[in-house]
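This report concerns only the one structure given below.
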Amino acid sequence: MRIELPPEPVHFVNRHDERERALRAVEDWRGRSRPLVMSLSGPAGLGKSELAYVIARTVRDRYPDGVLSVDLDDFRLDGVLDPGDVLAQLLQSLNVEVGLVARQFKARCKQYWSMTADLKLALIVDNVRYASELVPLLPASGASLVIVASHGPLYDLEDGAAVGMPLQPLTERAATELLDLIVSDDRLATDPEAVRALIGLCDGLPTALHVAGRWIRAHRLRPLPRLIDQLRGEWGEKGVPGIERVWDAAYATLSDAAARLYRLLPHHPGATFTPLSATALLGLGPDACEEALEELDRAGVLDLRAGGGRMRLPGPLHAHALRRSRRDAATGEAGEARIRLLRWYVRQAQRADLLAAGPRLVVTDRMAPVPGAPDVPLPDTATQGIKWLFAERHTLFACVRLAHALGADAEAVALSEPLWTYALDHPGRPEVIDALKLSRDAAVRHGGSAAWLVRTRCQLARQLWESGQYGAAADELDAAASAARLLGETATDRKLAASVVEFQGMLTSAQGNWAEAARHFEVSRDVHRAIPNPYGVMLQTYRMGEARARLGDTESARRLLAEAHEAAREQRRERMTRRTGFALAGVLSGLGRRVEARRLYEESLESAQVRGSGFDEARVRDALADLATADGRPTDAAERRQAAHEIRRRNGLG
């Protein structure tokens with residue numbers, strides 16, 4: 001019996017699910033004339049070959065006629081495989097004398113089939129690019145096993161012809177375990193932050209972790225942060241040793257469109273992308289992008305099976321694509337793609353914002369459709385708009401940074417509007433504040449629009465005071481009031497001027513001065529009535545009701561909030577209907593009208609859950625807990641408070 005297996009790896013972690021699945025497949029296989037085929041796929045560096053050998057060792061006793069292995073890349077000349085040469089090696093491994101190997105390809109196939117027809121054989125075939133390369137190498141015995149390693153999935157295998165096992169990068173826990181095994185060094189235990197940074201740099205690729213481990217062992221006196229910076233620079237310039245040539249070879253096989261998309265993907269502003277955002281980035285239309293994505297998947301430099309319809313290039317592959325972009329991209333290719341994608345995202349965010357918040361005051365024009373880049377399908381509901389903004393929030397933050405860096409001031413200001421809508425459900429987040437600061441800076445840099453200055457400073461001010469930065473918020477509102485003096489007398493300008501007064505009232509209310517806040521809200525409401533602007537009137541009536549409730553004027557508060565709640569319903573403003581309902585419920589509860597209050601709270605809870613607003617959901621649950629206590633239901637109250645606590649803990653809300 002011939003065993004063509006390398007020595008067992010010194011360190012091997014994880015892949016338990018794949019090994020168990022492989023063992024079950026072997027135990028359950030009942031083939032007669034066709035072998036069991038296991039297909040391991042994924043980008044270079046994931047440890048496919050190593051896993052193939054581990055599986056073969058695990059089951060070798062079931063295949064008494066031998067374990068053979070062949071690497072197809074050893075038989076390629078300028079990227080072209082000669083399957084006849086591969087068959088010749090396999091026949092020799094089966095003890096066929098060199099001089100007796102058939103000369104013609106078809107004759108070699110028949111000779112190989114004849115030799116393997118009655119064998120129980122395990123065969124490992126590495127670096128398969130297409131199913132057509134594998135088919136001639138399959139043993140003719142159903143009692144045999146073939147383990148295939150390929151960079152991309154072998155979609156052109158016949159249905160049911162293989163057990164597909166796409167590999168994912170190692171989890172952070174498994175990657176840390178592997179690094180600990182590779183490197184026995186006290187520096188790892190004393191600097192966990194540096195270890196996490198190193199794990200992130202390797203992005204779950206076992207090959208990269210082995211290279212990093214050797215780097216650490218070779219420099220035992222240097223502190224880890226310094227080593228990681230050096231390693232990042234080395235890989236950014238030259239790539240990961242042992243993997244770079246494989247990715248270069250895959251890149252060389254790509255069509256012009258696929259190669260262009262690969263070069264452009266590292267310029268995508270978000271860490272992940274979707275087929276539609278890739279289409280906007282490529283700029284060649286949906287059909288061309290779909291074909292390019294599928295080609296990248298087949299080449300093993302992209303995984304289309306990523307969850308939720310979102311994809312990403314693992315860190316080292318991302319760096320490789322960026323190097324290819326620097327070397328091969330045409331002049332202006334990346335810059336044009338970034339602007340095209342930025343405008344596409346602005347348009348999609350504006351569409352989602354319109355659904356989420358309804359028609360309202362905005363200070364930038366609607367972005368026109370981007371040629372060759374279809375819009376995201378968004379069902380005509382507020383919920384869908386809110387969900388899209390939440391799903392794309394990280395990319396939208398990155399788009400603001402990109403717009404500011406490119407000097408695209410109109411795009412940076414336009415993005416502040418949908419981010420404002422997102423922030424209403426997720427107040428005081430540092431990433432929101434950073435993005436709104438950049439939008440404000442873009443408005444200042446542009447210098448030609450008082451409306452932009454007023455709007456961006458007011459938006460930023462609210463996020464600042466909701467994070468406890470009252471002084472900074474006051475400075476922004478003072479600057480907004482100064483800019484408001486430059487506004488004209490159009491309806492839009494008057495709305496903006498009224499919004500400055502409203503925000504000044506909101507800031508004073510946040511600081512506990514509810515009497516002053518109520519005066520601001522009343523002044524703002526008078527302006528909205530004069531325009532006229534029914535939405536603004538409803539909003540200021542709601543704010544006045546909140547202020548009166550805080551001042552202990554319960555009956556005035558009930559009247560104002562009931563008026564605002566009814567107006568929000570009539571205007572079909574879903575978000576404001578729930579907000580006014582929540583405030584009204586609090587007043588009704590204080591008046592002992594708990595049944596009415598509970599109904600409004602339940603409506604607010606449902607809305608918060610749909611929007612994914614942990615902040616609102618927690619406070620509604622607290623309010624329902626207070627009602628349960630007042631009703632003499634302590635168990636229900638405790639459960640609701642615990643649920644609120646868990647929401648805050650899970651979302652870092654304290």
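Is it the case that Leu36 is in contact (Cβ under 8 Å) with a residue 60 or more places away in the chain, touching a strand residue (DSSP E or B) at 6+ places or on another chain (Cβ under 9 Å), closer than 25 Å to Val240 by Cβ and of a type in the set (A, V, I, L, M)? When the stated conditions are applied, Leu36 does not pass them. Checking each residue in region 555-584 for being touching a Ser or Thr at 6+ places or on another chain (Cβ under 8 Å), farther than 22 Å from Leu355 by Cα and surrounded by fewer than 22 Cβ atoms within 10 Å (Cβ to Cβ) picks out only Glu563.
Go through region 91-120 and give me each residue that's in contact (Cβ under 8 Å) with a residue 60 or more places away in the chain, within 30 Å of Ala249 (Cβ to Cβ) and not small (Gly, Ala, Ser). Spell out the reasoning first.
Initially, region 91-120 is screened for residues in contact (Cβ under 8 Å) with a residue 60 or more places away in the chain, giving 93-95.
From the residues that got through so far, the ones that are within 30 Å of Ala249 (Cβ to Cβ) too are 93-94.
Hit for region 91-120 is Leu94, nothing else.
Taking region 494-514 as the range and being surrounded by fewer than 18 Cβ atoms within 10 Å (Cβ to Cβ) and under 38 Å from the mean Cα position of the chain (by Cα) as the test, the residues that pass are Ala510, Gln511.
Just to verify a result, which residue in region 223-240, among those that are of a type outside the set (Gly, Ala, Ser) and loosely packed, with under 15 Cβ neighbours inside 10 Å, is farthest from His318 (Cα to Cα)?
Pro223
Residues in region 537-555 that are in contact with a helix residue (DSSP H, G or I) (Cβ under 6 Å, 6 or more places away or on another chain), in a helix (DSSP H, G or I) and of a type in the set (A, V, I, L, M): Val537, Met538, Met544, Ala547, Ala549. Applying a threshold of 7 Å to beta carbon distances and a minimum spacing of six or more residues, or different chains, the list of pairs starting in region 537-551 at a residue that is under 17 Å from Ser499 (Cβ atoms) and ending at one that is among the β-branched types (Val, Ile, Thr) reads Tyr542/Thr580.
The condition (being surrounded by 15 or more Cβ atoms within 10 Å (Cβ to Cβ) and among the basic types (Lys, Arg)) is satisfied by just one residue among Arg214, Arg260: Arg260. Can you tell me how many residues within region 23-43 are surrounded by fewer than 13 Cβ atoms within 10 Å (Cβ to Cβ) and within 36 Å of the chain's Cα centre (by Cα)? So the count comes out to 1. All of (1) of a type outside the set (Asp, Glu); (2) closer than 21 Å to Ala637 by Cβ; (3) modelled with pLDDT of 95 or more hold for Ala547 with one exception: (2). Provide a single number: the residues in region 127-136 that are among the aliphatic types (A, V, I, L, M) and surrounded by 21 or more Cβ atoms within 10 Å (Cβ to Cβ). Here the count works out to 2.
Residue by residue, here is whether (1) at pLDDT below 85; (2) closer than 29 Å to Pro9 by Cα; (3) surrounded by 19 or more Cβ atoms within 10 Å (Cβ to Cβ); (4) not aromatic (Phe, Trp, Tyr) holds:
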| residue | (1), (2), (3), (4) |
| --- | --- |
| Leu94 | no, yes, no, yes |
| Trp113 | no, no, no, no |
| Ala117 | no, no, no, yes |
| Leu121 | no, yes, yes, yes |
| Val125 | no, yes, yes, yes |
| Leu170 | yes, yes, yes, yes |
| Asp191 | yes, yes, no, yes |
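Count of region 79-105 residues, restricted to those that are among the hydrophobic types (A, V, I, L, M, F, W, C) and in a loop (DSSP other than H, G, I, E, B), is 4. Selection of region 607-637 for residues being without any contact (Cβ under 8 Å) to a residue 24 or more places away in the chain and within 38 Å of the chain's Cα centre (by Cα) yields Gln609, Asp622, Ala625, Asp636, Ala637. Only residues that are at pLDDT 90 or above and either among the aromatic types (Phe, Trp, Tyr) or over 24 Å from Asn95 (Cβ atoms) (or both) were counted in region 129-147, giving 0.
Residues checked against (1) out of contact with any Leu (no Cβ under 7 Å at 6 or more places or on another chain); (2) in the same structural domain as Pro206 (by TED's automatic domain parsing):
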{"residue": "Gln230", "(1), (2)": "yes, yes"}
{"residue": "Arg263", "(1), (2)": "yes, no"}
{"residue": "Gly270", "(1), (2)": "yes, no"}
{"residue": "Pro286", "(1), (2)": "yes, no"}
{"residue": "Leu293", "(1), (2)": "no, no"}
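Selection of first residues in region 638-650 that are farther than 15 Å from Ser613 by Cβ and of second residues that are among the aliphatic types (A, V, I, L, M) and in a helix (DSSP H, G or I), restricted to Cβ pairs under 7 Å at least 6 apart or on distinct chains, gives the following pairs, ordered by first then second residue: Arg640/Leu624; Arg640/Ala625; Arg640/Ala628; Arg641/Ala625.
Restricting attention to region 519-536, the residues that are within 40 Å of the chain's Cα centre (by Cα) and polar (S, T, N, Q) total 1.
Conditions (1) in a helix (DSSP H, G or I); (2) surrounded by fewer than 22 Cβ atoms within 10 Å (Cβ to Cβ); (3) β-branched (Val, Ile, Thr), marked per residue:
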{"position": "Ala405", "(1), (2), (3)": "yes, yes, no"}
{"position": "Ala414", "(1), (2), (3)": "yes, no, no"}
{"position": "Pro418", "(1), (2), (3)": "yes, no, no"}
{"position": "Ile433", "(1), (2), (3)": "yes, yes, yes"}
{"position": "Leu436", "(1), (2), (3)": "yes, no, no"}
{"position": "Cys458", "(1), (2), (3)": "yes, no, no"}
{"position": "Arg462", "(1), (2), (3)": "yes, no, no"}
{"position": "Ala472", "(1), (2), (3)": "yes, yes, no"}
{"position": "Glu476", "(1), (2), (3)": "yes, no, no"}
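Of the residues making up region 208-226, those that are part of a helix (DSSP H, G or I) and out of contact with any helix residue (DSSP H, G or I) (no Cβ under 9 Å at 6 or more places or on another chain) are Ala218, Arg226. The set of residues in region 272-292 that are surrounded by 21 or more Cβ atoms within 10 Å (Cβ to Cβ) and among the aliphatic types (A, V, I, L, M) comprises Ala278, Ala280, Leu281, Leu282, Ala292. The residue list Glu177, Glu193, Glu133 contains one member that is outside any loop (DSSP other than H, G, I, E, B), charged (D, E, K, R) and touching a strand residue (DSSP E or B) at 6+ places or on another chain (Cβ under 7 Å), which is Glu133. Selection of first residues in region 217-244 that are on the phi > 0 side of the Ramachandran plot and of second residues that are part of a loop (DSSP other than H, G, I, E, B) and buried (at least 18 other Cβ atoms within 10 Å of the Cβ), restricted to Cβ pairs under 9 Å at least 6 apart or on distinct chains, gives the following pairs, ordered by first then second residue: Gly242/Ala44; Gly242/Gly45. When region 556-581 is filtered for residues that are assigned to a helix (DSSP H, G or I) and polar (S, T, N, Q), the ones remaining, listed by number, are Ser556, Thr577, Thr580. Tyr155 meets the conditions (1) surrounded by 16 or more Cβ atoms within 10 Å (Cβ to Cβ); (2) under 33 Å from the mean Cα position of the chain (by Cα); (3) not β-branched (Val, Ile, Thr) in every case but one. The failed one is (1). Annotation note: Cβ proximity below 9 Å between a residue of region 440-460 that is within 13 Å of Ser482 (Cβ to Cβ) and touching a residue at least 24 places away in the same chain (Cβ under 8 Å) and a residue that is basic (Lys, Arg) and surrounded by fewer than 18 Cβ atoms within 10 Å (Cβ to Cβ) (sequence gap 6+ or interchain) occurs for Ala450/Arg485. Taking the conditions exactly as written (closer than 30 Å to Gln92 by Cα, out of contact with any Ser or Thr (no Cβ under 6 Å at 6 or more places or on another chain), in a helix (DSSP H, G or I) and not assigned by TED's automatic domain parsing to the domain that holds Gly47), does Ala249 satisfy them or not? Yes: the conditions hold for Ala249.
The values are calculated or read from the model by the stated rules, or taken from the named source; none is laboratory data. What you see is a predicted model; the values in this text were computed from it and never measured. A quick note on method: Cβ atoms are made from the backbone with ideal geometry, for glycine too, and the neighbour counts reach across all protein chains shown.
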